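The values are calculated or read from the model by the stated rules, or taken from the named source; none is laboratory data. Bear in mind that the values here come from a model prediction, so they are computed numbers and not experimental data. All Cβ positions, glycine included, derive from the backbone under ideal geometry; neighbour counts span all protein chains shown.
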2 protein chains.
Amino acid sequence: MYRTCTCGELNIAHIGKEVTLCGWLQRSRDLGGMTFVDLRDRYGITQLAFNMETNAELCEKARKLGREYVLQVSGVVAERSSKNTKIPTGEIEIVVNKLTVLNAAKTPPFTIEDNSDGGDDLRMRYRYLDLRRNPVRKNLELRHNMAILIRNYLNNLNFIEVETPFLIKSTPEGARDFVVPSRMNPGEFYALPQSPQQYKQLLMVSGMDRYFQIVRCFRDEDLRADRQPEFTQIDCEMSFVEQEDVLNTFESLVKFLFKELKGLEFDSFPRMSYADAMKYYGCDKPDTRFEMKFVELNDVAKGKGFGLFDNAALVAGINAEGCAEYTRKQLDELTDFVKRPQVGAGGMVYIKYNADGSFKSSVDKFYTQDDLKAIADVFGSKPGDLMLVLCGDVEKTQKALCELRLEMGERLGLRDNTKFAPLWVVDFPLLEWDEETQRFYAKHHPFTSPKPEDESLLEDKANWGKIRANAYDMVINGVEVGGGSIRIHDRDLQNKMFHTLGFSDEEAQNQFGFLMNAFEFGAPPHGGLAFGFDRMCAVFSGVDSIRDFIAFPKNNSGRDVMSGSPSPIAQAQLDELNIDLREINKAN
Amino acid sequence: MYRTCTCGELNIAHIGKEVTLCGWLQRSRDLGGMTFVDLRDRYGITQLAFNMETNAELCEKARKLGREYVLQVSGVVAERSSKNTKIPTGEIEIVVNKLTVLNAAKTPPFTIEDNSDGGDDLRMRYRYLDLRRNPVRKNLELRHNMAILIRNYLNNLNFIEVETPFLIKSTPEGARDFVVPSRMNPGEFYALPQSPQQYKQLLMVSGMDRYFQIVRCFRDEDLRADRQPEFTQIDCEMSFVEQEDVLNTFESLVKFLFKELKGLEFDSFPRMSYADAMKYYGCDKPDTRFEMKFVELNDVAKGKGFGLFDNAALVAGINAEGCAEYTRKQLDELTDFVKRPQVGAGGMVYIKYNADGSFKSSVDKFYTQDDLKAIADVFGSKPGDLMLVLCGDVEKTQKALCELRLEMGERLGLRDNTKFAPLWVVDFPLLEWDEETQRFYAKHHPFTSPKPEDESLLEDKANWGKIRANAYDMVINGVEVGGGSIRIHDRDLQNKMFHTLGFSDEEAQNQFGFLMNAFEFGAPPHGGLAFGFDRMCAVFSGVDSIRDFIAFPKNNSGRDVMSGSPSPIAQAQLDELNIDLREINKAN
């Protein structure tokens, strides 16, 4: 060993102890007769003291060291004269009697500090230096700790982690696969798994009964801040369970994680139907850290001669408490916000409930004070509040109002990153109509089971959109951290489902054949879910981007700027794989 | 929940308890008035009793059930009249009062028994049924348990598991990469990692200090029983350590696993130099469950007029205790064995040390009884022993004698699968001469450090073959379960190493650029190792094939016969990826 202690463990109790430490030079300060060096490792920072009077040679040597040099020092733990109470090692320093430079270092392109001066691109190019910074290192430590906790928790419940293959069969359904040409089987390809969905269902057929896996998954989709081409799932499945059992099992897991990692305790997570989530929050992953629910105003807002409202399928709004004093500028900002293409509203109506009980709105021409009072009553508003109202198509209005609600939550500081509001969204629709292809798609996947009480609705196409599934998402702070379903294990129902989705028998066999065959040999009732592990880490840390929780992430072009991947490969490799590259028209 | 208990937990203490169980029908027996059904789940087997007299309808229903039907039964725990003491639930049965068929099952193509009647191909095609069998399920359970133990052990030592990318840069050095075409970056490819080697070294540069990862790796090589295109490594790396620290850390880990999983305790693992391993066992992964070391006979066997020995670079043999009575047939079998192309010897000389003190050999023409006595003395043989001698080139003779030794160990029952003989093989050569390309290659990889005392040998090409590396393998029962090295962290030494390997600066930069760049910013001394996880599971179970420890393995053509992967993909997929398939001449 190069060291006897780490840079994070020595304190006043170790005074007089002979120690050897290793680490990186964080910073050094020359104070005439003394030179102080902060030595950093993963565990902390320890101050090194060099005295010009007692050991001039060593002190001179110390003065020549640069930032991020790798050092080994031996010395004696001594009490500091000027203490730093902010860090555990702040009361001591090492009076160094031996200094070895284990490695020199070029000056890093950004400082290794909590608040770095490196831009995102630079940080990613030198990710190995970025990872030296406390906040980034702590993210990876949180991720590691969370994984250990999850594994032990599930292991104690008799879950078994089974590793499923990465080189699997490509299926056209769902998102785009990454594929891997097979050298041994020319003209054929493996796919990288988008999830181990089919394998975990096979494991249920195998009787494995309680399975989990923390596993890398791959989707060749266009990227954004919370999507990476490779991401990690906590994939879980159970046999002989109903929806309630799955929800209880994994709600307990997440409560356990909150307790262990955050010291927080929760009652039962609220359950919200998909229908209510859409009605009150306009999306299926509501941020319930704050209320500000949607209020439908069709009854009170229509019929007063305001054409926009009169012709709208939905008039709905939110009540922003205490915002009646919003200025023209603030209101204009909000109007601009809802008119952005990503939000998509045509405009916004406001109604101020003034402190004196009077109303001021952008539609005073059409609404009397009494009319506005009636609307305010539906909102449950009180003097000092501001009502913001949108109208139009049901779905578009819900979506826009959802964005407006989140924006108001942000402005009012209601999206507090130290607060956590977990819930289950349940009763998702089984099927989703696609205008473009004029057919129904499985909202979750084709093995998701309908609610037994809705099964009869499968008989009449007119009712397909109303069928609810045994499908559920866990949502925390407006982020879908996980989701799953109870699967169909009955062959007749599965066939009916495939026909509903417009699959011929042959197509079903071709795409899902090996799973369907397996189901003929005694499939138990089963269901499960998968958590997005990267996202879960981000949510627990109150951070939006999952990139901060991935050691070596890729950028929005799927590129790792540090290693320069992807990259061209040798002609010999292409030859062995029996593939040719097409001429790429660079002008395109 | 569909059940209140599993099929493995009920015993005599539960008599009278109302229970509900779920599982698969293992077998049923009609005994006139009674029908007994064995219900199986992952946890065990519980007997169900149906009585024709008390409940004829239910009993009739039970009689119609087929093998592997999925059942849910409710009933009362009762004491059995005829007990089975071999299983924990063997003293009780469930008197069933409710039976639900959760799913029917086609008759499986092989029986779900410990000794199945399914051949290997059939088992793989229906792997989900094979996994229902106890021995296969137990293999996966062992694997899961081992992973949990490893993670907790390393976590307690401050190791952090960091997930490294799967879509990385392809490097031409080493084995063949699997590659993944990038849609977003046409003409460019990712590679799947052969190991996270470069990333774990980057993490050391990051200060992560103690890293591990249980991680899938990929090699596009031709396959055999102990190789799969995808396999799992326990990948580990430490900073500020010397070789001794790495050996001690991971020896303790493996001792811990033996203790926990096998109840076995070990003293320190023996250390054997690579030179001794070759000299005494003819290979770098000796099976030390038995002695039968090589004995060199050049001094005593040459110069007696036997041309084959006289002209050989090496005459060496092994002493098989108590085998002097081997018949002509047995000796011929051994001669045939060593002459196989895979073994490669030209022939075999035997010397029997008869019980009466006389000798009988296949070279009596050339050797007197005294000559043979002198040889026997070198062997340390005693009356009743059989000496087997090979000769020729050093390397070829060592290889063939190694095989013969293992064969004799097998025949004498010395390769006992319940015995474990772990050791470290150390002091591997740094460089290996390749006749074909007439250059030296790194035996381990180009970042492996030479032993400091051998560093000066780098100056003279004549000495390169003699340089020993800080590289080590852990070997158990003749299987290399893991290996690693202390890495070079000094830039000058690394450059010298690249030049030794014949890399130009540009080539080195091109292949290892991002790691070399990282090393300029303060690389700590570091080293590590990787265990083959699949292999470790197999060795712990005394099994040769790693396939039994992989849930869904591939065959020797890299094919998953269950799912039918790899497979052709759609033209649209090729179009998106900008690649074309070549015409494959099917006649080839």
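How many residues are of a type in the set (A, V, I, L, M, F, W, C) and either closer than 19 Å to B:Pro165 by Cα or touching a Cys at 6+ places or on another chain (Cβ under 9 Å) (or both) if we restrict to region A:101-121?
Matching residues across region A:101-121 total 1.
Just checking, how many residues over region A:409-423 are part of a loop (DSSP other than H, G, I, E, B), small (Gly, Ala, Ser) and in contact (Cβ under 8 Å) with a residue 60 or more places away in the chain?
1
Would you pick out the residues in region A:482-507 that are without any contact (Cβ under 8 Å) to a residue 60 or more places away in the chain and of a type in the set (A, V, I, L, M)?
Hits for region A:482-507 are A:Ile488, A:Leu493, A:Met497.
Within the group B:Asp544, B:Asp534, which residue is within 14 Å of chain A (Cβ to nearest Cβ), closer than 30 Å to B:Lys262 by Cα and either within 32 Å of the chain's Cα centre (by Cα) or among the hydroxyl-bearing types (Ser, Thr, Tyr) (or both)?
Unique residue meeting the criteria: B:Asp534.
Output yes when any residue across region B:260-269 is part of a helix (DSSP H, G or I), within 26 Å of A:Arg151 (Cβ to Cβ), assigned by TED's automatic domain parsing to the domain that holds B:Ala147 and not aliphatic (A, V, I, L, M), and no when none is.
Yes; the residues of region B:260-269 include at least one that is part of a helix (DSSP H, G or I), within 26 Å of A:Arg151 (Cβ to Cβ), assigned by TED's automatic domain parsing to the domain that holds B:Ala147 and not aliphatic (A, V, I, L, M).
Within region B:225-253, which residues are aliphatic (A, V, I, L, M) and farther than 19 Å from B:Tyr211 by Cβ?
The answer is B:Ala225, and nothing else.
If you scan region A:386-401, which residues turn out to be among the polar types (S, T, N, Q) and farther than 15 Å from A:Asp284 by Cβ?
Listed by number, the list holds a single entry, A:Thr397.
Restricting the first residue to region B:264-276 and requiring it to be farther than 13 Å from B:Ala421 by Cβ, which pairs with a second residue that is of a type in the set (Phe, Trp, Tyr) meet a Cβ separation below 8 Å and a spacing of at least six or different chains?
B:Glu265/B:Phe258; B:Arg271/B:Trp424; B:Tyr274/B:Phe428
Go through region B:362-381 and count every residue that is of a type outside the set (A, V, I, L, M), touching a residue at least 60 places away in the same chain (Cβ under 8 Å) and more than 18 Å from B:Met292 (Cα to Cα).
3
Working only within region A:222-248, note down all residues that are within 11 Å of another protein chain (Cβ to nearest Cβ) and of a type in the set (A, V, I, L, M, F, W, C).
Passing the criteria: A:Leu223, A:Phe231, A:Met238, A:Phe240, A:Val241, A:Val246.
Hey, can you tell me all the residues within region A:128-151 that are among the aliphatic types (A, V, I, L, M) and either over 17 Å from the mean Cα position of the chain (by Cα) or more than 10 Å from chain B (Cβ to nearest Cβ) (or both)?
The answer is A:Leu129, A:Leu131, A:Leu142, A:Met146, A:Ile148, A:Leu149, A:Ile150.
Going through region B:105-123 one residue at a time, which ones are among the basic types (Lys, Arg) and in a loop (DSSP other than H, G, I, E, B)?
Of everything in region B:105-123, just one residue is among the basic types (Lys, Arg) and in a loop (DSSP other than H, G, I, E, B), namely B:Lys106.
Could you please let me know if A:Asp492 is within 14 Å of another protein chain (Cβ to nearest Cβ) and at pLDDT 90 or above?
no
Select from region A:557-578 the residues that are outside any helix (DSSP H, G or I), over 14 Å from B:Ser182 (Cα atoms) and facing another protein chain (nearest Cβ under 7 Å) and list them in ascending order.
Matches in region A:557-578: A:Met562, A:Ser563, A:Ala570, A:Asn578.
Listed here are the residues, each with its yes/no results for (1) touching a Phe, Trp or Tyr at 6+ places or on another chain (Cβ under 6 Å); (2) more than 14 Å from every other protein chain (Cβ to nearest Cβ); (3) touching a residue at least 12 places away in the same chain (Cβ under 8 Å); (4) farther than 17 Å from A:Gly44 by Cβ.
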| site | (1), (2), (3), (4) |
| --- | --- |
| A:Gly66 | no, no, yes, yes |
| A:Gln72 | yes, no, yes, no |
| A:Gly75 | no, yes, yes, no |
| A:Thr85 | no, yes, no, no |
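Take region A:455-512 and flag every residue that is in a helix (DSSP H, G or I) and basic (Lys, Arg).
Scanning region A:455-512 gives A:Lys461, A:Lys466, A:Arg491, A:Lys496.
Output the strands (runs of 3 or more DSSP E) that fall wholly within region A:1-51 and possess 3 or more residues being surrounded by 18 or more Cβ atoms within 10 Å (Cβ to Cβ) and within 34 Å of the chain's Cα centre (by Cα), or say none.
Because the criterion is at least 3 residues that are surrounded by 18 or more Cβ atoms within 10 Å (Cβ to Cβ) and within 34 Å of the chain's Cα centre (by Cα), the strands (runs of 3 or more DSSP E) in region A:1-51 that meet it are A:18-31.
Provide a single number: the residues in region A:170-192 that are facing chain B (nearest Cβ under 7 Å), part of a strand (DSSP E or B) and either within 26 Å of the chain's Cα centre (by Cα) or surrounded by fewer than 17 Cβ atoms within 10 Å (Cβ to Cβ) (or both).
Looking only at that region, the number is 1.
What are the residues in region B:193-216 that are within 16 Å of the chain's Cα centre (by Cα) and crowded, with 22+ Cβ neighbours inside 10 Å, if any?
Selection gives B:Val215 alone.
For B:Ser273, state whether it is modelled with pLDDT of 95 or more, loosely packed, with under 14 Cβ neighbours inside 10 Å and closer than 27 Å to B:Val481 by Cβ.
No.
With the requirement that a residue be closer than 20 Å to B:Lys138 by Cβ and either within 7 Å of chain B (Cβ to nearest Cβ) or surrounded by 22 or more Cβ atoms within 10 Å (Cβ to Cβ) (or both), what does region A:152-169 give you?
Selection gives A:Leu154, A:Asn155, A:Phe159, A:Ile160, A:Glu161, A:Val162, A:Glu163, A:Thr164.
Yes/no per residue for (1) at pLDDT 95 or above; (2) more than 25 Å from B:Val343 (Cα to Cα); (3) polar (S, T, N, Q):
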{"position": "B:Asp371", "(1), (2), (3)": "yes, yes, no"}
{"position": "B:Leu401", "(1), (2), (3)": "yes, no, no"}
{"position": "B:His445", "(1), (2), (3)": "no, yes, no"}
{"position": "B:Gly465", "(1), (2), (3)": "no, yes, no"}
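Just give me the residues in region B:92-115 being surrounded by 19 or more Cβ atoms within 10 Å (Cβ to Cβ) and away from chain A (no Cβ under 11 Å), in sequence order.
Of everything in region B:92-115, those that are surrounded by 19 or more Cβ atoms within 10 Å (Cβ to Cβ) and away from chain A (no Cβ under 11 Å) turn out to be B:Ile92, B:Glu93, B:Ile94, B:Val96, B:Leu99.
When region B:408-422 is examined, which residues are found to be in contact with a Phe, Trp or Tyr (Cβ under 8 Å, 6 or more places away or on another chain) and surrounded by fewer than 17 Cβ atoms within 10 Å (Cβ to Cβ)?
Matches in region B:408-422: B:Leu412 only.
When only residues in region B:509-523 that are touching a residue at least 60 places away in the same chain (Cβ under 8 Å) and more than 10 Å from chain A (Cβ to nearest Cβ) count, which is surrounded by the fewest Cβ atoms within 10 Å (Cβ to Cβ)?
Filtering first and then ranking leaves B:Gln511.
Restricting the search to region A:428-444, which residues are surrounded by fewer than 17 Cβ atoms within 10 Å (Cβ to Cβ) and not hydrophobic (A, V, I, L, M, F, W, C)?
Residues satisfying the conditions are A:Glu432, A:Asp434, A:Glu435, A:Glu436, A:Thr437, A:Gln438, A:Arg439, A:Tyr441.
Scan region B:337-354 and give yes if some residue there is in contact with a Leu (Cβ under 6 Å, 6 or more places away or on another chain), within 30 Å of B:Pro422 (Cα to Cα) and either assigned to a helix (DSSP H, G or I) or free of Cβ contacts under 8 Å to residues at least 40 places away in the same chain (or both), otherwise no.
yes
Looking only at region A:204-221, which residues are touching a residue at least 40 places away in the same chain (Cβ under 8 Å) and more than 7 Å from chain B (Cβ to nearest Cβ)?
Result: A:Met204, A:Arg210, A:Tyr211, A:Phe212, A:Gln213, A:Ile214, A:Val215, A:Phe218, A:Arg219, A:Glu221.
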